[in-house]
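Below is one structure, written out as structure tokens; the observations come after it.
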Amino acid sequence: MKTTASKRLFSEAQQYIPGGVNSPVRAFRSVGGQPLFIKRAKGCRLYDVDGNSFIDYVLSWGPLILGHAPASVVKAVMQAALKGTSFGAPTELEVRLARMIVEAVPSIKEARLVSSGTEAVMSAIRLARAYTNRDAILKFEGCYHGHSDYLLAKAGSGLATLGLPDCPGVPADFTRHTLTAPYNDIKTVQRLIQRHHRNLACVIVEPIAGNMGVVPPAAEFLPALRELTREHGVLLIFDEVITGFRVHYGGAQSLYGVTPDLTCLGKIIGGGLPVGAYGGARQIMRLVAPVGPVYQAGTLSGNPLAVTAGIKTLEALQAPGVYQKLDARAAELSEGLGAAAKKAGIPLTRTRVGSMVGAFFTKGPVVDFASAKQSNTQAYAKFFHRMLEKGVYLAPSQFETAFLSTAHTASDIAHTIKGARAALRNL
Ligand code: HOZ
């Protein structure tokens with residue numbers, strides 16, 4: 001595979017950008033080698049600056065559920081741009097997207113639009129602390145909720161990839177109020193809530209963990225979290241930045257029938273442009289300024305281009321059968337990978353919820369961060385590079401999710417499985 005142009009750009013990038021990338025997991029550190037620089041993309045295909053093309057399962061880390069550059073989204077964004085790219089004043093478009101979110105997501109009666117998932121979570125936590133008048137928060141090991149200071153404790157995604165248990169620059173005082181528990185471990189949660197509930201503002205969870213690879217919730221986990229938090233006046237926050245509109249039009253909370261107090265969204269609701277949102281019950285949201293005293297603001301919040309891309313994406317997701325089709329394709333992929341691994345005699349633990357697909361190089365089971373970390377990351381790295389050679393672009397880290405889009409066809413899946421069969425041989 002030719003990589004001359006990518007290598008040249010990467011070496012230039014490193015002179016101007018830390019590590020040559022604007023987000024650490026893009027740097028290929030845990031799989032080795034150098035990142036590919038992308039020139040363009042369409043449907044499920046990525047094209048790099050050296051003229052290589054790949055079937056893409058990263059999809060910009062989740063937002064592109066319709067694939068790259070879907071005509072309806074691109075056309076609408078171009079038309080919106082002609083009318084102005086930002087006003088710093090309210091628009092009808094924001095009201096439309098907020099209404100679509102409220103109509104789709106059971107827990108959200110009012111939503112505030114922001115510009116990223118990190119911002120959404122940061123704001124939701126501030127709100128939970130204000131509402132309960134308590135300081136402590138409880139998160140789960142291997143869950144990633146963006147890079148705000150007090151959430152960089154035992155976090156997944158880039159911190160898992162780079163093996164960073166915590167982050168210099170975050171004063172110990174800032175994470176003093178952050179409690180952590182293993183994912184799916186309700187006994188530990190019970191113990192922590194019993195001990196700290198007087199000072200515990202919220203429990204925040206990815207209802208399907210997607211930043212330590214894909215780790216689905218055990219059947220009793222989310223209902224038990226709901227019950228325990230309600231019992232102790234602790235708010236339950238679902239970080240649905242990945243799962244929102246991904247596993248179901250109404251998010252993981254609709255799929256599992258568990259309604260949190262606050263929900264954070266991002267990725268898909270921006271259709272590939274920068275957006276986040278947080279929302280919940282009226283009596284909580286009404287604490288947000290200007291109605292209430294909890295301050296949160298943003299120059300580009302509700303940006304007309306991003307909101308337009310979000311509206312068009314959600315409209316497309318309302319078509320009948322979209323989620324069934326995504327689910328079926330993802331099942332084909334996961335089963336094909338399983339069969340290929342079995343044939344090659346490689347232990348592979350597969351996890352999947354809808355179009356979120358995970359595969360760990362371990363006998364499993366994978367139920368939390370500790371068991372996810374049993375995965376042979378060197379085997380993943382080798383597999384990753386062999387798949388690249390076969391024209392398949394996977395996340396450059398074991399601890400991420402493979403996403404499917406409506407643009408992936410049966411033949412793309414077949415090509416991927418064929419590639420995997422060869423890649424797994426003698427791994
Ligand atoms: N936090 C993202 C993965 N879970 C990484 C985003 C990026 O590097 O683009």
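Give the range 318-328 a look and list any residue that's assigned to a helix (DSSP H, G or I) and surrounded by fewer than 21 Cβ atoms within 10 Å (Cβ to Cβ), or say none.
From the range 318-328, those assigned to a helix (DSSP H, G or I) are 322-328; that's our starting set.
Answer for the range 318-328, where residues must be assigned to a helix (DSSP H, G or I) and surrounded by fewer than 21 Cβ atoms within 10 Å (Cβ to Cβ): Val322, Tyr323, Gln324, Lys325, Asp327, Ala328.
Only residues in the range 119-135 that are farther than 19 Å from Gly276 by Cβ count as the first member; pair them with residues that are in a helix (DSSP H, G or I), Cβ under 7 angstrom, at least 6 apart or cross-chain, and list the lot.
Taking only residues 6 or more apart or on different chains, the pairs are Tyr131/Ile284; Arg134/Asn199; Asp135/Arg129; Asp135/Asn199.
Determine, yes or no, whether Ala181 is away from the ligand (no atom under 16 Å from the Cβ) and either under 20 Å from the mean Cα position of the chain (by Cα) or not β-branched (Val, Ile, Thr) (or both). Walk me through it before giving the result.
On the way: away from the ligand (no atom under 16 Å from the Cβ): yes; either under 20 Å from the mean Cα position of the chain (by Cα) or not β-branched (Val, Ile, Thr) (or both): yes.
Criteria met by Ala181.
Can you list the helices (runs of 4 or more DSSP H) lying wholly within the range 1-108 that have 1 or more residues being away from the ligand (no atom under 16 Å from the Cβ) and under 26 Å from His415 (Cβ atoms)? Give the steps one after another, and end with the answer.
Numbers: elements: 4-16, 71-82, 92-104.
Per the criteria, 4-16, 71-82.
Which residue pairs have Cβ atoms closer than 6 Å, lie 6 or more positions apart in sequence or on different chains, and pair a first residue in the range 29-40 that is within 10 Å of Ala381 (Cα to Cα) with a second residue that is open to solvent by less than 30 Å² (accessible area, probe 1.4 Å) and not hydroxyl-bearing (Ser, Thr, Tyr)?
Between residues of the range 29-40 that are within 10 Å of Ala381 (Cα to Cα) and residues that are open to solvent by less than 30 Å² (accessible area, probe 1.4 Å) and not hydroxyl-bearing (Ser, Thr, Tyr), the close pairs are Val31/Ala381; Val31/Phe384; Val31/Pro396; Gly32/Ala381.
Name every residue in the range 274-300 that is touching a Ser or Thr at 6+ places or on another chain (Cβ under 6 Å) and over 22 Å from Leu235 (Cβ atoms), in order of residue number.
Answer for the range 274-300, where residues must be touching a Ser or Thr at 6+ places or on another chain (Cβ under 6 Å) and over 22 Å from Leu235 (Cβ atoms): Pro274, Gly298, Leu300.
Taking the range 131-166, which residues are more than 14 Å from the ligand (Cβ to nearest atom), touching a helix residue (DSSP H, G or I) at 6+ places or on another chain (Cβ under 9 Å) and open to solvent by 50 Å² or more (accessible area, probe 1.4 Å)?
Tyr131, Asp135, Asp149, Lys154, Pro165, Asp166 - these are the residues of the range 131-166 that are more than 14 Å from the ligand (Cβ to nearest atom), touching a helix residue (DSSP H, G or I) at 6+ places or on another chain (Cβ under 9 Å) and open to solvent by 50 Å² or more (accessible area, probe 1.4 Å).
The values are calculated or read from the model by the stated rules, or taken from the named source; none is laboratory data. Source: prediction; values computed, not measured. Don't worry about glycine lacking a Cβ; one is built from the backbone with ideal geometry, like all the others, and counts go over all protein chains shown. When the accessible area is computed, the model is the full protein with side chains, heavy atoms only, and any ligands, DNA or RNA have been set aside. Shrake-Rupley method; radii C 1.70, N 1.55, O 1.52, S 1.80 Å.
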